[in-house]
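Q: Take this structure, written in structure tokens, and hold onto it; I'll ask about it next.
No lab work stands behind these numbers, since they all come straight from the coordinates. Being a predicted model, the structure only gives us computed values, none of them experimental. So basically every Cβ, Gly included, is an ideal-geometry build from the backbone, and we count neighbours across all protein chains shown.
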Amino acid sequence: MDGNGRWAQRRGLARVEGHRKGAVAVREVVRASREVGLRALTLYAFSSQNWQRPADEVATLMQLLRDYVIEERAEIMDNAIRLIAIGDVDRLPDFVREPLETLMRDSAGNRAMTLCLALSYGGRESILSTTRALCDMAARGTLKPEDITEDRFSSALQTGGLPQLDLLIRTSGEERLSNFLLWESAYAEFYFTDTFWPEFGRDDLLGALESYHGRERRFGRTTEQILRSHG
Ligand code: IPE
Ligand code: MG
């Protein structure tokens, strides 16, 4: 999610006001995602690099995160949403980590949709920690290097339990990945919009999905092959 700060600054407000409005947008987009039947939605809420922001901005983001986890609990449970997190969750302050872990545990059996929060997350960091874990197994003799296949690697990532990444939306006019889901986005479709995150709502999500549905995904093959395989 991107553009909270600029949304606020354009209105002469403090950046944190943008984050507050951004949290409202999260609620609307999660609700719409569940209604249209998405299997999973991952939100890049806080990157490994975001720790470098001014301390008061980081503190507000942490407070909003705690509020979100506590206030959305009922809606998440009522809608059979499973909440998971990717990233270095241990780095979050206890007042965020504790309610987050409680809701993750309590929602673990929910099946309608997975809501994945990327928190203290970085794509490179994630690839590195997975690589380290696999190397450790290889060094202990429990995994053969030749058994480290794409599938094995994918399932060892924190996103291993999620379906394939199909669509990646970037708001606020930025056209870069900024360390998000680097491995997982190999064949994702990208959707760029100038809309700032606080103004991204249900209709914007539907617009992105419509764009996605109009695309031909070939995964390196030809159009003819794709048409034939669809019978
Ligand atoms: C996204 O909005 C929220 C977080 C990164 C937590 P930004 O804070 O990046 O807003 P801009 O991009 O500066 O406008
Ligand atoms: Mg930004």
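Q: What is the order of Val24, Val58, fewest Cβ neighbours within 10 Å to most?
A: Ranking Val24, Val58 by Cβ neighbours within 10 Å, fewest first, gives Val24, Val58.
Q: Can you check what the net charge comes to around Gln158, using other residues whose Cβ is under 12 Å from the Cβ of Gln158 (Lys, Arg +1; Asp, Glu -1)?
A: -3
Q: Moving on. Using helices alone, what [θ] at 222 nm do you get for the chain, with -39,500 (n - 2.57) per DSSP H run of 4 or more residues, divided over all residues and rounded to the nearest 500?
A: That calculation yields -14500 deg cm²/dmol at 222 nm.
Q: Quick one: putting +1 on the C-beta of Lys and Arg, -1 on the C-beta of Asp and Glu, what dipole do you get for the range 63-155 around its Cα centre, in Debye to the nearest 20? Write out the running numbers ahead of the final one.
A: Values: 12 positive and 17 negative charges, 55 e Å.
So the magnitude is around 260 debye.
Q: May I pose another question? Compute the convex hull volume of the Cα atoms of the chain, divide it by the residue count, and report the result per residue in Å³ as a whole number. Before the final figure, lay out each step's value.
A: On the way: hull volume 34.9 nm³, N = 231.
So the per-residue hull volume is 151 Å³.
Q: Before anything else, pin down the relative contact order of the chain: Cα pairs under 8 Å, at least 6 apart, normalised by residue count, whole percent.
A: 25
Q: Along each of its three principal axes, how wide is the spread of alpha-carbon positions in the range 95-193, in whole angstrom units, largest first?
A: 46, 34, 27
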